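For reference, the structure discussed in these notes is given below.
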Amino acid sequence: MSNASDRRVKIVEVGPRDGLQNEKLPVPLSAKVELIDQLSRAGLRFIEAASFVSPKWVPQMAGSTEVMASIERLPGLCYSALTPNLQGLEAALAARCDEVAVFGAASETFSQRNINCSIAQSLDRFGPVVQRAREAGVPVRGYVSCVLGCPYEGEVAAQAVLEVAQALLAMGCHEISLGDTIGRGTPESTRKLLEVCLRDIPVERLAGHFHDTYGMALANVRTSLAMGLRTFDSSVAGLGGCPYAEGASGNLATETLLADLHALGYETGVDMSGVQAAGRYIRQVLGDLQRQQAA
């Protein structure tokens, strides 16, 4: 690595959305807002703050409009939201989201279980969403789930991942987050996937989203760094997983990712103590909710 920009890593904080969506007990609106504000003040510049999906499917994300209206928006920060369809997108635009995201899968079975349609149908659905967002001047991020394994199908071909990623880029997504949804990835499988993807996709258009189900997330980040990736998703306090993937608990904790990146000499612009404080705060909130329910 030769220049300063090589040492700069972009972290996309997904705790307020991907992290909290799997919690069984409703998290109060005020706690969601406080968590996002603490993460903002800690220097995280990209925060996935909300999800405009049907509360019927993901009850925890009800109130996303209120969350976006209540947070303290610091200048230069990007507050994003998940928008699976045009209805969700219009709500996100009205809530002044700085970026929106669509989420596809590299596994047919997962796509059916997660969003009730085939991969091809999902891409057809996303086209108008991406087009409308771009017309509104809002950038779109694309997620691909199950890139290193599927809870239903097992192994997923790297070529299948590449094809979905290319389709999302072609319709106008500026960045593709490659999600190891069930945390089955290893440095070897991560390397093989990236070798295939990087033949056709510039490295700056890709991000790594590794779950730590089997304790391999950091090793996969290091493999990705060695191959040129400089964008990674993580979740404060290791919150979350996927509600449609049994046992897929545990995103890579932002605190763990920061500690490793800083130890390796990378720059993030993020204050570790601030993130740790946010992690303690949300763990306290979740612990109190559990104790109240048990009382």
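Computed from the coordinates by the stated procedures, all read-outs in this text should not be read as laboratory data. None of these values were measured; they are calculated from a predicted model. Heads up, the Cβs are rebuilt from the backbone with ideal geometry, glycines too, and the neighbour counts pull from every protein chain shown.
Note on residue 6 and residue 273: the extension gain reaches 93.7 nm, defined as 0.36 nm multiplied by sequence separation minus the Cα-Cα distance. Its Cα gyration tensor gives the chain an equivalent ellipsoid, and the semi-axes of that ellipsoid, as √(5λ) in whole Å with the largest first, are 26, 23, 20. Taken over region 251-295, the alpha-carbon convex hull comes to 68 cubic angstrom per residue. Report note on the peptides 160-171, 87-98: ranked by the mean count of other C-beta atoms within 10 Å, highest first, their order is 160-171, 87-98. Gain on full extension, evaluated as 0.36 nm per residue between residue 94 and residue 157 minus their Cα-Cα distance, stands at 18.8 nm.
Charges were assigned to the Cβ only: +1 to each Lys and Arg, -1 to each Asp and Glu. The resulting dipole of the chain about its Cα centre is roughly 220 debye. Please give the net charge around residue 18, taking every other residue with its beta carbon less than 10 angstrom from that of residue 18, where Lys and Arg add +1 and Asp and Glu add -1. Combined, the nearby Lys, Arg, Asp and Glu give -2. Counting 0.36 nm for each residue step from residue 62 to residue 290 and taking away their Cα separation leaves a gain of 80.1 nm. Taking the Cα of residue 121, stepping 7 Å toward and past its beta carbon, and measuring to each backbone N in region 57-100: which are under 15 Å? Answer for this model: 85. Using the membrane-span-like helix rule (whole DSSP H runs, Cα extent along the own axis of at least 15 Å, mean Kyte-Doolittle hydropathy at least -0.5), which helices of the chain qualify? Helices meeting the criterion: 29-41, 119-135, 158-171, 187-198, 272-294. Put simply, the amide H of residue 208, placed in the peptide plane, has neighbours under 5 Å in 178, 231, 232, 233, leaving out anything fewer than 5 places away on its chain. For region 112-227, the alpha-carbon radius of gyration amounts to 1.06 times the rule-of-thumb value 2.2 N^0.38 Å expected for a compact globular protein.
With a ≥ b ≥ c taken as the square roots of the eigenvalues of the C-alpha gyration tensor of region 62-146, please select rounded if a/c is under 1.5 and otherwise prolate if a/b is larger than b/c or oblate if it is not? Note, shape of region 62-146 comes out prolate. The loop-placed trypsin sites (Lys or Arg not before Pro) in region 1-71, going by DSSP, that have at most 14 neighbouring Cβ atoms within 10 Å of their Cβ come out as 24, 56.
Take every Cα pair under 8 Å whose residues are at least 6 apart in sequence, average their separation, divide by the length of region 1-101, and the relative contact order is 27 percent. Please state the relative contact order of the chain as a whole percent: Cα pairs under 8 Å, 6+ residues apart? Relative contact order here is 21 percent.
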